[in-house]
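As structure tokens, the structure follows; a few thoughts come after it.
The values are calculated or read from the model by the stated rules, or taken from the named source; none is laboratory data. Source: prediction; values computed, not measured. Cβ sites come from the backbone with ideal geometry, for glycine too, and all protein chains shown count toward neighbours. Note: accessible area is taken over every heavy atom of the protein model, side chains too, but ligands, DNA and RNA are not part of it. Shrake-Rupley method; radii C 1.70, N 1.55, O 1.52, S 1.80 Å.
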Amino acid sequence: MKIAVLAGGIGGARFLRGVRAACPGDDITAVVNTGDDVTLHGLRICPDLDSVMYTLAGVHDGERGWGRKGETWRIKEELTVYGAEPTWFQLGDLDIATHLVRTRMLDAGFSLSDVTAALCERWQPGVSLVPMSDDRCETHVIVHLEGARRAIHFQEWWVKHRAGLPAEAFVQVGLDEAAPAPAALAAISAADVVLVAPSNPVVSIGTILGVAGIRDAVVTAAAPVVGVSPIVAGAPVRGMADACLPVIGVDVSAEGVGRHYGARSAGGLLDGWLIHDTDSATVPGVDVRAIPLMMTDDDDAAAMVRVALEIADALA
Ligand code: GDP
Ligand code: CA
């Protein structure tokens, strides 16, 4: 079976471990958000691709939620002593090696898809990781800061300001010109099922869908599309998605996100929508199922995936 998964960082990564566990031997492709990408200290950093790669390889720091397990911070300490800005973005020594390899390959002319495949040669994630696009596209946040209206990089808003500065809008700089990565469109078109991970609906899934052709590929895919709610009991399970959804006028609830994605029969994304067992939601035209959605381990995530596949099977 061919499975395509739209994924952001941590929610995507945990869900993908479940897909891999539930579907051994199947051909799984993750189409990953790159709108969070940023260049700092001359290094090209792809937070969501790295979260997914490290988590699937089992070398992630599960407690911190990002980066490598057993990380050390000697380079960051040196940069701080130099007063090298920005000091608010943590870069671990092990992680920096990944960014060095990536930056060097990009500078040599390789595409981000090629670079990601090369990094995965080492980590063997068991899932094909594909950036949504090989073109640069970076999410910015419109805020009021120091008496003026400014666009700051998503990472500055998320990491430095902990999503605490009221956001007026999200603007994906470069998105209009970004072409989908060839393998991303191919995976969606060839899939037997498309899954939308419980990732941030605005700055992860929303950004992926904004790449020309990707939303259309999902809406018109021959395969059923089943999504999983990242919102449980009116709040994100982890992270600050509740600071993002109201900005685009979406209610912070499983129903709000389900309706925002919408039914494929009405030009939206979904055939099926999984919500947590204590939630309820009505999404016209979508098969909504309430099941446990807390991914504390791979078994929990795999159980979610099995239900998603049952729904897809019934619809196929
Ligand atoms: P990021 O790029 O690291 O922010 O990660 P994603 O966009 O992939 O995912 C963030 C979302 O994952 C948040 O909105 C969380 O609510 C969601 N999430 C994290 N853990 C869980 C979980 O165990 N269950 C569900 N349903 N959602 C989760
Ligand atoms: Ca992210």
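Points to keep in mind about this one:
- Candidates Ser280, Ser229, Ser265: the one that is among the polar types (S, T, N, Q) and buried (at least 20 other Cβ atoms within 10 Å of the Cβ) is Ser229.
- Among the residues making up the range 201-238, those that are within 16 Å of ligand 2 (Cβ to nearest atom), closer than 17 Å to Ala301 by Cβ and not hydrophobic (A, V, I, L, M, F, W, C) are Ser204, Pro230, Pro236, Arg238.
- If you filter the range 31-54 down to residues that are assigned to a loop (DSSP other than H, G, I, E, B) and open to solvent by 20 Å² or more (accessible area, probe 1.4 Å), you find that the one that is nearest to ligand 2 (Cβ to nearest atom) is His41.
- The set of residues in the range 185-223 being within 18 Å of the chain's Cα centre (by Cα), away from ligand 1 (no atom under 16 Å from the Cβ), small (Gly, Ala, Ser) and open to solvent by less than 30 Å² (accessible area, probe 1.4 Å) consists of Ala187, Ala217.
- From the list Ala254, Ala263, Ala281, the one residue that fits, being closer than 26 Å to Pro47 by Cβ and either of a type in the set (Gly, Ala, Ser) or modelled with pLDDT of 95 or more (or both), is Ala254.
- Residue count for the range 1-30, restricted to those that are part of a helix (DSSP H, G or I), among the small types (Gly, Ala, Ser) and open to solvent by 10 Å² or more (accessible area, probe 1.4 Å): 3
- Scan the range 55-106 for residues that are part of a loop (DSSP other than H, G, I, E, B), over 28 Å from Arg17 (Cβ atoms) and among the aliphatic types (A, V, I, L, M) and the total you get is 1.
- One residue stands out in the range 283-312 among those that are touching a residue at least 40 places away in the same chain (Cβ under 8 Å) and open to solvent by 20 Å² or more (accessible area, probe 1.4 Å): the one that is farthest from ligand 1 (Cβ to nearest atom), namely Leu309.
- Some residue of the range 73-87 being under 22 Å from the mean Cα position of the chain (by Cα) and either of a type in the set (D, E, K, R) or open to solvent by less than 50 Å² (accessible area, probe 1.4 Å) (or both): no
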